[in-house]
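The values are calculated or read from the model by the stated rules, or taken from the named source; none is laboratory data. Quick caveat, the model's predicted, so the values are computed rather than measured. We place every Cβ from the backbone using ideal geometry, glycine too, and count neighbours over all the protein chains shown.
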Amino acid sequence: MRAWMTPEVPVLPGTGGGRVLVHDSLTGQLQPAGPESGEARLYACGITPYDATHLGHAATYVAVDLLYRAWLDAGLGVRYAQNVTDVDDPLLERAEATGVDWADLAAQQVELYRGDMTALRVLPPAELTGVVESLDIVTDLIGVLRDEQAVYQVPDPEYPDWYFSVTKASNLLEGTGISMLEAEHVFAERGGDPDRPGKRHRLDCLVWRQARPGEPAWESWLGRGRPGWHVECTAISLAALGAEFDVQAGGRDLAFPHHPMCAAEARIATGRPMAKVFLHSGMVALDGEKMSKSRGNLVFVSRLLADGVDPMAIRLVLLAHHYRSDWEYTPDALAEAQGRLESWRRATSAAGGADATATLDAVRVALRNDLDAPAALAAIDAWALADGDDPAAPGLVRDLADALLGVAL
Ligand code: 5CA
Ligand code: ZN
């Protein structure tokens, strides 16, 4: 499906020095992300299109956007793919509960998401790929897994659904730091079904669900049905990027079971790792609880925009927190971001300012060091407060804020 409009990215002087380092959640280490030269390959787990786009989603996609921009600035090309989970249980439940056609709900929410991402100047993926338009690649991948004896049908005469066999993977929990007991609990919380009779292992995940009455379903060699969640990202990412791409990104709620499950399927299908680095953003909360569709404690980007809030102020709210920290949204944070935006706009519309070459270096260093946006904001804050009459400085700061932080002044 269509992505959204690409914002212009100003070209900055030089490329700075050094690789882009990010915290890999699997190893817990800061690691170079992307190649030294050439093209970096990035996959971000996309939305399930209902209740989009809340500030938690936006924070995650802005974090990914910082990586994209840091790579461009370092002189790399970027191949970026993102999925849309446009058929899945929670989407169908919401459609049912609100009496809306599930496909209409998905289309309307994807459109809202496109508008929000455009307003926030998030660079779009080259491919935004829905599950519904990817059924062939998903069923082909399940076929490869079947050839490796890594999928099976539960012996349920009515609904012989297909499952991925986690015991085929070396160790699903490796690097996650969680016990099997915890894993089962989180798996159940995040769409898994540990108690389904006939499964060979409690963590085996659904890859193809046979049609239930009233549910959308498609003909395939697996029976008439629809894909499970994890296998969609495995199939879509491998088709768009190939095996062993550079970064798989998403919120920390995808650190288990979603990403390890995708990685396990990919390793069996290709014999290679899926992503080299896993980037996980922290969770945004409201009123003391993670912002989530199931809790309904959501602040929507589109609501703020409709209230007349400057999208660049929303972006600055998100950038004021390091992407790995968990934080809580408050209206005060928005007021603070609006103040910062005004201060930057004032300073960059002056005839001159303090020399900004060190500011460019500081912002580059901050972003290449695990996308440290708060440090980057501090560097620009300091420049905006300093006096000077360099006529080139305001333009340079305007360009660097836009190119590296996506903040158009
Ligand atoms: N479609 C799946 C991924 S394949 C999904 O998780 N969709 S989602 O709509 O629930 O979330 C979209 C993205 O936003 C995911 O990367 C998710 O990890 C992230 N996300 C969801 N809630 C929050 C939150 N409160 N704070 C930060 N990120 C969040
Ligand atoms: Zn995903």
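Can you tell me which residue is nearest to ligand 1 (Cβ to nearest atom) among those in the stretch 45-69 that are among the charged types (D, E, K, R) and out of contact with any helix residue (DSSP H, G or I) (no Cβ under 7 Å at 6 or more places or on another chain)?
Restricting attention to the stretch 45-69, the residues satisfying the condition of being among the charged types (D, E, K, R) are 51, 65, 69.
Narrowing the set further to residues that are out of contact with any helix residue (DSSP H, G or I) (no Cβ under 7 Å at 6 or more places or on another chain) leaves 51, 65.
Values: Asp51: 8, Asp65: 13 Å.
Ranking the candidates gives Asp51 first.
Among the listed residues Leu30, Leu26, Leu72, identify the single one that is more than 14 Å from ligand 1 (Cβ to nearest atom), surrounded by fewer than 17 Cβ atoms within 10 Å (Cβ to Cβ) and touching a residue at least 24 places away in the same chain (Cβ under 8 Å).
Leu30
Inspect the stretch 183-190 for any residue being away from ligand 2 (no atom under 16 Å from the Cβ) and in contact with a Gly (Cβ under 6 Å, 6 or more places away or on another chain) and give the result as yes or no. Steps first, please.
Start the filter on the stretch 183-190 by keeping residues that are away from ligand 2 (no atom under 16 Å from the Cβ), which leaves 183-185, 188-189.
After this cut, where a residue has to be in contact with a Gly (Cβ under 6 Å, 6 or more places away or on another chain) as well, the list is none.
The answer is no; no qualifying residue exists.
All but one of (1) more than 24 Å from Asp101 (Cβ to Cβ); (2) surrounded by fewer than 18 Cβ atoms within 10 Å (Cβ to Cβ) hold for Leu172, so report the exception by its number.
Checking Leu172 against (1) more than 24 Å from Asp101 (Cβ to Cβ); (2) surrounded by fewer than 18 Cβ atoms within 10 Å (Cβ to Cβ), the one that fails is (2).
Taking the stretch 237-258, which residues are crowded, with 19+ Cβ neighbours inside 10 Å and either free of Cβ contacts under 8 Å to residues at least 40 places away in the same chain or closer than 18 Å to Arg79 by Cα (or both)?
Hits for the stretch 237-258 are Ser237, Leu238, Ala240, Leu241, Phe245, Asp246, Val247, Gln248, Ala249, Gly250.
Please determine, by comparing only the residues of the stretch 86-109 that are under 18 Å from Pro125 (Cα atoms) and surrounded by 21 or more Cβ atoms within 10 Å (Cβ to Cβ), which one is nearest to ligand 2 (Cβ to nearest atom).
Asp86
Looking only at the stretch 109-147, which residues are under 17 Å from Leu91 (Cβ atoms) and either touching a Lys or Arg at 6+ places or on another chain (Cβ under 6 Å) or acidic (Asp, Glu) (or both)?
Glu111, Glu133
Restricting to the stretch 139-153, name every residue that is part of a helix (DSSP H, G or I) and among the aliphatic types (A, V, I, L, M).
Leu141, Ile142, Val144, Leu145 - these are the residues of the stretch 139-153 that are part of a helix (DSSP H, G or I) and among the aliphatic types (A, V, I, L, M).
From the set of residues in the stretch 236-276 that are closer than 29 Å to Met291 by Cα and β-branched (Val, Ile, Thr), which is farthest from ligand 2 (Cβ to nearest atom)?
Going through the qualifying residues, I end up with Val247.
Look at Trp221 and say whether it is in contact with a Gly (Cβ under 9 Å, 6 or more places away or on another chain) and surrounded by fewer than 19 Cβ atoms within 10 Å (Cβ to Cβ).
When the stated conditions are applied, Trp221 passes them.
Of everything in the stretch 215-230, what is in contact (Cβ under 8 Å) with a residue 12 or more places away in the chain, part of a loop (DSSP other than H, G, I, E, B) and either within 14 Å of Thr85 (Cβ to Cβ) or more than 29 Å from the chain's Cα centre (by Cα) (or both)? Give them in sequence order.
Within the stretch 215-230, Pro216, Ser220, Trp221, Leu222, Gly223, Arg224, Gly228 meet the criteria.
Which ones in the stretch 282-316 are assigned to a strand (DSSP E or B) and out of contact with any helix residue (DSSP H, G or I) (no Cβ under 9 Å at 6 or more places or on another chain)?
Once the filter is applied, which keeps residues that are assigned to a strand (DSSP E or B) and out of contact with any helix residue (DSSP H, G or I) (no Cβ under 9 Å at 6 or more places or on another chain), the stretch 282-316 yields only Glu289.
Here is a check on your reading of the model: is Leu67 away from ligand 2 (no atom under 13 Å from the Cβ), outside any strand (DSSP E or B) and at pLDDT 95 or above?
Here the answer is yes, as Leu67 does meet what is asked.
Scan the stretch 54-81 for residues that are small (Gly, Ala, Ser) and within 28 Å of Arg303 (Cα to Cα) and jot them down.
The initial filter retains those residues of the stretch 54-81 that are small (Gly, Ala, Ser), namely 56, 58-59, 63, 70, 74-75, 77, 81.
Gly56, Ala58, Ala59, Ala63, Ala81 - these are the residues of the stretch 54-81 that are small (Gly, Ala, Ser) and within 28 Å of Arg303 (Cα to Cα).
With the checklist (1) closer than 30 Å to Tyr80 by Cα; (2) at pLDDT 95 or above in hand, flag the one item Asp195 doesn't pass.
(1)
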